[in-house]
1. Give the residues of region 39-70 that are of a type in the set (A, V, I, L, M), within 16 Å of GLU345 (Cα to Cα) and exposed (fewer than 15 other Cβ atoms within 10 Å of the Cβ), sorted by residue number.
2. Do any residues in region 89-105 that are of a type in the set (Lys, Arg) have Cβ atoms under 7 Å from those of residues that are in a loop (DSSP other than H, G, I, E, B), where the two are at least six apart or on different chains, and which pairs are they?
3. Looking at this structure, is GLY199 small (Gly, Ala, Ser), at negative phi and buried (at least 19 other Cβ atoms within 10 Å of the Cβ)?
4. Given the structure, is ASN235 polar (S, T, N, Q), at pLDDT 90 or above, touching a helix residue (DSSP H, G or I) at 6+ places or on another chain (Cβ under 8 Å) and surrounded by fewer than 20 Cβ atoms within 10 Å (Cβ to Cβ)?
5. Across region 138-189, what is the total count of residues that are of a type in the set (Lys, Arg) and at pLDDT below 95?
6. Please tell me if PHE82 is in a helix (DSSP H, G or I), of a type outside the set (Val, Ile, Thr) and free of Cβ contacts under 8 Å to residues at least 24 places away in the same chain.
7. Identify, please: which residue in region 44-64 is without any contact (Cβ under 8 Å) to a residue 24 or more places away in the chain and in a helix (DSSP H, G or I) and is, among those, nearest to GLU166 (Cα to Cα)?
8. Going through PHE24, PHE33, PHE29 one at a time, which residue ends up being aromatic (Phe, Trp, Tyr) and either without any contact (Cβ under 8 Å) to a residue 60 or more places away in the chain or more than 17 Å from ILE169 (Cβ to Cβ) (or both)?
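The values are calculated or read from the model by the stated rules, or taken from the named source; none is laboratory data. Computed from a predicted structure; not experimentally measured. As a convention, Cβ positions derive from the backbone with ideal geometry for all residues, glycine included, and neighbour counts pool all protein chains shown.
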Amino acid sequence: MEENILTESRIPAFKKIVFKTGLFVTISFALRFVAGLLINGLFALFDGVLSPTVLYILHLLISGICLQIAPSFIAAGMFGFFGNKCEKLKAVYKIPSRCVKAVGNFAAVYGMGQIANILTMLVTVIITKMADLNDSFNTVTDLQPPDMAAAWFLFFTLVVIAPVFEEFIFRGVLMDALKPYGNGFAIFVTGILFGLYHGNFSQLFYTAVIGIALGYIGNVTNSVFATTIIHAMFNSISGILLLLMTTPSVQDYVMSGSTEAIPDGDMIVIVFFGLFMVSAMVLILAGIVCAVMKIKQIRKYKVPAVWDEISNGKKVKMLLFAVPSVIAILLIIDTFAGFSDMLIEKFF
């Protein structure tokens, strides 16, 4: 009887958190629609007036504000991170005592992401033999920069803006809100939301896997400090590759497969590009080995439960069928299917 009373007393609080979580996801994906409108309007009004570099940087700014910065402030306000002298905000950014050890899990996290990435590509190849999914790959930001100035701005966005604000949202605010109702539940839900938040099929699975791995690290350290560093390290690999691919010498080398037409002064860039690609391949292989070793230790490092009165299955059902969550799911489906994008393109 006492256990049932405890269960019933905690359900209203859980429903309140579920409502807020669903509402936040709804607002976040609505902001993605706003970003699409603003970006398309920007190009419709200023294409040919402003330089490609300026347009690209404005594109990134709109995406960053709508998809990362604004949602971070909204989440902080909704879940009380600005109250009580910002004590929750300070706590989530504390440097953990095992920070170096936590960051040391980067290789394993990277490997887990690459395993999921490889599986996604294999599934995509199989499916696309029957249907073309390329039209469903909906990314708000085109990552191909027009020149080095735009490439450096993109690098800053990938390595600083995205890790700081995304880790605050998912491993900070949402993890903090859901942890009282089960560590494993919080890690799984925030990880899946992190994958969905990227808004395209090609990134969905590996970002969800990375989100779950980062969620475990965030749960153990009770901080987003280490996860932000790992996230930045992860994104820096893509950022460096994009910087290199933007240089004319690397573009010529990739297109021709020969160094004959490349000036001697630019050969250092080609050498660095080669070393970087070899290092990336070594990191992928080492990461996969580390990931397999970590996966074998899952039982040993099982996340302790916090709230056992209601099963995780029931918690997920309560989350999925809350009114804001239903709206959020419809917006997520729209994001992946690209219906709004087609509408926006016709409008402009």
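1. Going residue by residue through region 39-70, those that are of a type in the set (A, V, I, L, M) are 39, 42, 44-45, 49-50, 54-55, 57-58, 60-62, 65, 67, 69-70.
After this cut, where a residue has to be within 16 Å of GLU345 (Cα to Cα) as well, the list is 39, 42, 44-45.
The answer is ALA44, LEU45.
2. Between residues of region 89-105 that are of a type in the set (Lys, Arg) and residues that are in a loop (DSSP other than H, G, I, E, B), the close pairs are LYS94/SER223.
3. Working: small (Gly, Ala, Ser): yes; at negative phi: no; buried (at least 19 other Cβ atoms within 10 Å of the Cβ): yes.
No.
4. On the way: polar (S, T, N, Q): yes; at pLDDT 90 or above: yes; touching a helix residue (DSSP H, G or I) at 6+ places or on another chain (Cβ under 8 Å): yes; surrounded by fewer than 20 Cβ atoms within 10 Å (Cβ to Cβ): yes.
Judged against the criteria, ASN235 is a match.
5. Here is the first cut: in region 138-189, the residues of a type in the set (Lys, Arg) are 171, 179.
Still in the running and at pLDDT below 95: 179.
Number of matching residues: 1.
6. On the way: in a helix (DSSP H, G or I): no; of a type outside the set (Val, Ile, Thr): yes; free of Cβ contacts under 8 Å to residues at least 24 places away in the same chain: yes.
No, not satisfied.
7. Here is the first cut: in region 44-64, the residues without any contact (Cβ under 8 Å) to a residue 24 or more places away in the chain are 45-51, 54-55, 58, 61.
Subsequent filtering for residues that are in a helix (DSSP H, G or I) retains 45-46, 54-55, 58, 61.
Working: LEU45: 30, PHE46: 30, VAL54: 25, LEU55: 24, LEU58: 20, LEU61: 15 Å.
Here the answer is LEU61.
8. Numbers: PHE24 fails: either without any contact (Cβ under 8 Å) to a residue 60 or more places away in the chain or more than 17 Å from ILE169 (Cβ to Cβ) (or both); PHE29 fails: either without any contact (Cβ under 8 Å) to a residue 60 or more places away in the chain or more than 17 Å from ILE169 (Cβ to Cβ) (or both).
The unique qualifying residue is PHE33.
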